[in-house]
Each structure stands twice: as C-alpha cells, then as structure tokens.
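K.L.:
Sharing a structure below in structure tokens format, with a few things to ask.
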C-alpha cells in the first residue's frame, strides 16, 4: 500500500488579532483513513489514533524549530486500547499506532458519541518528545485530564510549555470509513489583549464539536469561525500532509544484526524472517540469503 492514494490531507496556517494569535489546522481525513486500513483499527481506536495524529502535526508546527522538526506524542491512560503513539513532522509527514488496534467500546449512552475517553482511559499521562536546539531529545508530560486527547494536549501546552492555547480535534466515521478528521490549534502570542482572548474563547465555546464543522463545511471555514472578529490572515498556500513512515527494507534487515548469530541461523534454516513495522504495519519478508549476508559482511569487516 502506498500513500499516493491518500494525498488529500493538508495543513493551513495563519495569524489573527494583528499577529498576537497564531493558528494552525490540519485536514487529516485521508491520513486517518490510511492509518485505519494499515492497522486494522476498530471504530473507536480509529478515532483515538486519528486525534493523536492530528495533534502531533499541530504540535510539530508549534514546537518545532526547523522545517522538518518532529514531535512524538504518547498517550497511555490505562484504557483497553493500551498506549497510543503518534509522530508528526512540521513538513506534514505523520505516522502512528496503538497497542491494541481491535479494542472497541459501545457508543456513549449520554450523547451517542464514540467513547474515546473510555478506550484511552484517564489513569496515566500524555508525554511529548521533541529535539532541542542542541539535538538532544526532551520529553515533557502531564497527567491525563479527560482522555479525549484535545483537552489533554491543551493542558500539556499550557502547563509544560507555558503556551496559552485552544485545541480542537475530531474524527468522524460513517459506513466503515473515515469521512472527516482534523485538528485546530490557536496559540496566544506576546502582546495579545484580554479582549482578543475573550473573543477567541467565546468563538471556541460556540463552535462545539470540530467534526460538526468539518462535516458541514471545510477546515478553512472552521478556522475562520474560530477567529471570527479577530481579522484572521491566512498564510499563502496549503501544505500537503500524508501518512509516511520512515521504515525501509534495509532498516528491517539491519534490525536483525541485534540478534545472536545462532538466532539468525535458525531464521535461515526456517526460510527467512518476516518483520512488521509497528508504526505503519508494513511487512518485510527477509530471505535466508539476505540474513546470511549479514554474517558474511561482518566476517569481511573483521578480515
């Protein structure tokens, strides 16, 4: 499976209130649908991973210092889905997975919505890892607030990064596939006025569910609704976004170097070894000849 068939996701950016508010949004429907297909996700697991993928893209833009900066988001709340891991890059590349892709829960009785909080759980934390300017990884974390992911990401930005913000995330599925998915993050910048923050808060409160806006219109319309009355200025062009893993056949083969020689010999005698990338579900069938070549290369290096 290639990402060519899922090339319609994109990121929009801009400012409002005279540059004192910064916003970024992602339409991630095709990315989340590809993740669903690759991992065989249940309906609720799709919603949970989809929200995390969208959030990772937003965080990569807000926290990244370089065009290709990456951010890894990990959510572990004790719910039946286990952990959720999503990696986003500021250049629009996303990938992610969950521990238990088949885990699912009935719709919530109160409102008939997917029970993302129930499948994620609230007994745990959200951790975000990014690279500092010196290239060293830094991980910040907060205790989960709701397990709905949007509120948890917003809490992380406010507490760990000291960034006043508003975050909306959503995934809408119908007929066994993802129809709408995305996210919106508005960040308060230095110089923002109380009046601008009050207007933003009122707009966000009136919006309700992001998926409702995506179903009725578009990501752009949702962004304009969130910043209504705040003179939004959209950055020119939309950035393409896609599900793209960093795995490869060579990396899969190289991973066998960490096994003992006797273990590799067993693989050779049993017809090779299949390696599955947990990030994207890609299968790599490594042949006996390729495995034997690892030890041959090692012997040549020693000679």
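K.L.:
Within region 8-24, can you find the residues that are over 18 Å from residue 168 (Cα atoms), in contact with a helix residue (DSSP H, G or I) (Cβ under 7 Å, 6 or more places away or on another chain) and either surrounded by fewer than 23 Cβ atoms within 10 Å (Cβ to Cβ) or at pLDDT below 95 (or both)?
P.N.:
Across region 8-24, the qualifying residues are 8, 20.
K.L.:
I'd like to verify a number: residues in region 145-164 that are over 16 Å from the mean Cα position of the chain (by Cα) and free of Cβ contacts under 8 Å to residues at least 60 places away in the same chain, how many?
P.N.:
Result for region 145-164: 8.
K.L.:
Separate question: Quick check on this structure: which one of 116, 98, 75 is crowded, with 24+ Cβ neighbours inside 10 Å, over 14 Å from the mean Cα position of the chain (by Cα), assigned by TED's automatic domain parsing to the domain that holds residue 167 and within 19 Å of residue 171 (Cα to Cα)?
P.N.:
Result: 116 is the single residue among 116, 98, 75 that is crowded, with 24+ Cβ neighbours inside 10 Å, over 14 Å from the mean Cα position of the chain (by Cα), assigned by TED's automatic domain parsing to the domain that holds residue 167 and within 19 Å of residue 171 (Cα to Cα).
For every residue, the table says whether it meets (1) at pLDDT below 95; (2) touching a strand residue (DSSP E or B) at 6+ places or on another chain (Cβ under 9 Å); (3) part of a strand (DSSP E or B); (4) in the same structural domain as residue 126 (by TED's automatic domain parsing).
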site	(1), (2), (3), (4)
153	no, yes, no, yes
169	no, yes, yes, yes
191	no, no, no, yes
197	no, yes, no, yes
205	yes, no, no, yes
212	yes, yes, no, yes
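K.L.:
Which of the residues spanning region 221-243 are under 23 Å from residue 171 (Cβ atoms), touching a strand residue (DSSP E or B) at 6+ places or on another chain (Cβ under 7 Å) and crowded, with 16+ Cβ neighbours inside 10 Å?
P.N.:
Of everything in region 221-243, those that are under 23 Å from residue 171 (Cβ atoms), touching a strand residue (DSSP E or B) at 6+ places or on another chain (Cβ under 7 Å) and crowded, with 16+ Cβ neighbours inside 10 Å turn out to be 222, 223, 226, 227, 238, 239, 241, 242, 243.
K.L.:
I've got another one for you. Residue under question is residue 142, and the condition is that it be within 20 Å of residue 23 (Cβ to Cβ) and at pLDDT 95 or above; does it hold?
P.N.:
Spelling it out, it is not the case that residue 142 is within 20 Å of residue 23 (Cβ to Cβ) and at pLDDT 95 or above.
Residue-wise test of (1) touching a residue at least 24 places away in the same chain (Cβ under 8 Å); (2) within 33 Å of the chain's Cα centre (by Cα).
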| residue | (1), (2) |
| --- | --- |
| 228 | yes, yes |
| 247 | yes, yes |
| 261 | yes, no |
| 274 | no, yes |
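K.L.:
Condition check: under 13 Å from the mean Cα position of the chain (by Cα), crowded, with 16+ Cβ neighbours inside 10 Å and more than 24 Å from residue 38 (Cα to Cα). Does residue 85 satisfy that?
P.N.:
No.
K.L.:
Also: Please go through region 129-144 and pick out each residue that is free of Cβ contacts under 8 Å to residues at least 60 places away in the same chain and surrounded by 15 or more Cβ atoms within 10 Å (Cβ to Cβ).
P.N.:
Listed by number, the residues that qualify are 129, 140, 141, 142.
K.L.:
Quickly run through region 241-276 and pick out the residues that are closer than 30 Å to residue 55 by Cα and touching a helix residue (DSSP H, G or I) at 6+ places or on another chain (Cβ under 7 Å).
P.N.:
Scanning region 241-276 gives 241, 242, 243, 244, 275.
K.L.:
Of everything in region 93-144, what is assigned to a strand (DSSP E or B) and within 20 Å of residue 34 (Cβ to Cβ)? Give them in sequence order.
P.N.:
Passing the criteria: 93, 94, 95, 96, 97, 98.
K.L.:
Among the residues that make up region 25-47, is at least one of them over 19 Å from residue 177 (Cβ atoms), outside any loop (DSSP other than H, G, I, E, B), at pLDDT 95 or above and outside the structural domain of residue 282 (by TED's automatic domain parsing)?
P.N.:
yes
K.L.:
Among the numbered criteria (1) closer than 25 Å to residue 219 by Cα; (2) surrounded by fewer than 20 Cβ atoms within 10 Å (Cβ to Cβ); (3) modelled with pLDDT of 95 or more, which one does residue 147 miss?
P.N.:
So residue 147 meets the others, but not (2).
The values are calculated or read from the model by the stated rules, or taken from the named source; none is laboratory data. No experiment lies behind these values; they were computed from the predicted model shown. A quick note on method: Cβ atoms are made from the backbone with ideal geometry, for glycine too, and the neighbour counts reach across all protein chains shown.
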